[in-house]
């Protein structure tokens, strides 16, 4: 057993440390809601919607109960449904595809760029058919998708663009916030996200007042006035307690994202040369929701790191088209070779604002120790700029 193996523990995320840093403000916000008792669509929801829209540099934001709901309701706001096709990427969390399916539309997948793991715009146009209604690019891991060619293709074909920004709060593409390039965008406030609730939550942002009104209507039982239901709707509301918590956290988001960027730079400096590290295109200012490396024998490395007290993740171990739940899409192994290769080799390392340089160095040293011991075959290119 290596001398690196000890009782030290490096968590994958550390929400307790984050809470400790802002506890008085969070506790006061929660207490305010408890005293006010406006638990459903209370004042903090309205305020948070306005503040998050301002943060995203966009006109409108509508709170919902999850990122999945944000995606689904954004699609429904454009009357996307049965008979329509929506193009998205094969390498993503399943909620991206499920949200499309919930509307009755058909998800159509394209492979990803091998350096960014985001939608490959060069493959997009060939996936368009007469039934295509929308494109749903994903800013995966907090890395902005290459939006200019995506938006241009959508413009030429008259398609809707809805951004999946669920992992990219605060990221910028060519200096502009992600979530502002399409007709609408969806954000998630799952607890481990860069801006996370203490439960589930989500947001739809859009420059279009009519789209915002439709999302709000759909998410509140199809009503603007209580008991006056105008259409079939859902119970997809963001609750006031979560909004109050996130109003506190939003004030720290830029600071936390800056810390994530410093951690990413540190990882790039200290990880061994035979580890594939993330590539950052010149157009991107990522926010490092996840720091994802590539190694040939991922599972063995993950197990060895766990023995050393280092928690890791895999995002995602089974490509969308190979999931049993998505077998009805009709894809087969081999249809998306980049996504399939990535799924076998990627490993997400600990990444959160409170992570220390010492912890990063410990992770890097452990990886070096394991790879030198096992002497894996070469084959993963180092891709950082």
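Given the conditions (1) touching a strand residue (DSSP E or B) at 6+ places or on another chain (Cβ under 8 Å); (2) crowded, with 19+ Cβ neighbours inside 10 Å, which single one is not true for residue 309?
It is condition (2) that residue 309 fails.
Filter segment 324-340 down to residues that are loosely packed, with under 14 Cβ neighbours inside 10 Å and closer than 21 Å to residue 294 by Cβ, then give me how many there are. Explain how you work it out, then say what you get.
Step one: filter segment 324-340 for residues loosely packed, with under 14 Cβ neighbours inside 10 Å, giving 324-325, 327-328, 330, 332-334, 337.
The next check asks that each one be closer than 21 Å to residue 294 by Cβ; those that pass are 333-334, 337.
So the answer is 3.
Filter segment 20-64 down to residues that are touching a residue at least 12 places away in the same chain (Cβ under 8 Å) and either in a loop (DSSP other than H, G, I, E, B) or not assigned by TED's automatic domain parsing to the domain that holds residue 181 (or both), then give me how many there are.
Total satisfying the criteria: 7.
Please find, among 342, 292, the residue that is under 16 Å from the mean Cα position of the chain (by Cα) and either at negative phi or part of a strand (DSSP E or B) (or both). Spell out the reasoning first.
On the way: 342 fails: under 16 Å from the mean Cα position of the chain (by Cα).
None of the others qualify; the one that does is 292.
Please give the number of the condition residue 82 fails out of (1) assigned to a helix (DSSP H, G or I); (2) surrounded by fewer than 18 Cβ atoms within 10 Å (Cβ to Cβ).
(1)
What number of residues within segment 105-151 satisfy the criterion of being under 21 Å from residue 314 (Cα atoms) and within 15 Å of the chain's Cα centre (by Cα)?
Matching residues across segment 105-151 total 13.
Any chance segment 214-229 includes a residue that's in a loop (DSSP other than H, G, I, E, B), in the same structural domain as residue 154 (by TED's automatic domain parsing), in contact (Cβ under 8 Å) with a residue 60 or more places away in the chain and crowded, with 24+ Cβ neighbours inside 10 Å? Don't jump to the end; show me each part of the working.
Initial filter on segment 214-229 (in a loop (DSSP other than H, G, I, E, B)): 221-222, 226-227.
Now narrow it down to the ones that are in the same structural domain as residue 154 (by TED's automatic domain parsing): 221-222, 226-227.
After this cut, where a residue has to be in contact (Cβ under 8 Å) with a residue 60 or more places away in the chain as well, the list is none.
No; the residues of segment 214-229 include none that is in a loop (DSSP other than H, G, I, E, B), in the same structural domain as residue 154 (by TED's automatic domain parsing), in contact (Cβ under 8 Å) with a residue 60 or more places away in the chain and crowded, with 24+ Cβ neighbours inside 10 Å.
Give the residue that is surrounded by the fewest Cβ atoms within 10 Å (Cβ to Cβ), with candidates limited to residues of segment 264-283 that are in a helix (DSSP H, G or I) and in contact with a strand residue (DSSP E or B) (Cβ under 7 Å, 6 or more places away or on another chain). Before the answer, list the steps.
Narrowing segment 264-283 to residues in a helix (DSSP H, G or I): 264-270.
This time we only want the ones that are in contact with a strand residue (DSSP E or B) (Cβ under 7 Å, 6 or more places away or on another chain), so: 264, 267.
On the way: 264: 22, 267: 25.
Applying the filter and picking the extreme gives 264.
Is it the case, given these coordinates, that residue 21 is at pLDDT below 95, more than 30 Å from residue 325 (Cα to Cα) and surrounded by fewer than 24 Cβ atoms within 10 Å (Cβ to Cβ)?
Numbers: at pLDDT below 95: no; more than 30 Å from residue 325 (Cα to Cα): yes; surrounded by fewer than 24 Cβ atoms within 10 Å (Cβ to Cβ): yes.
Here the answer is no, as residue 21 does not meet what is asked.
The values are calculated or read from the model by the stated rules, or taken from the named source; none is laboratory data. Keep in mind it's a predicted model, so treat the numbers as computed, not measured. For neighbour counting, all protein chains shown are included, and Cβ atoms are generated from backbone atoms with ideal geometry for every residue, glycine included.
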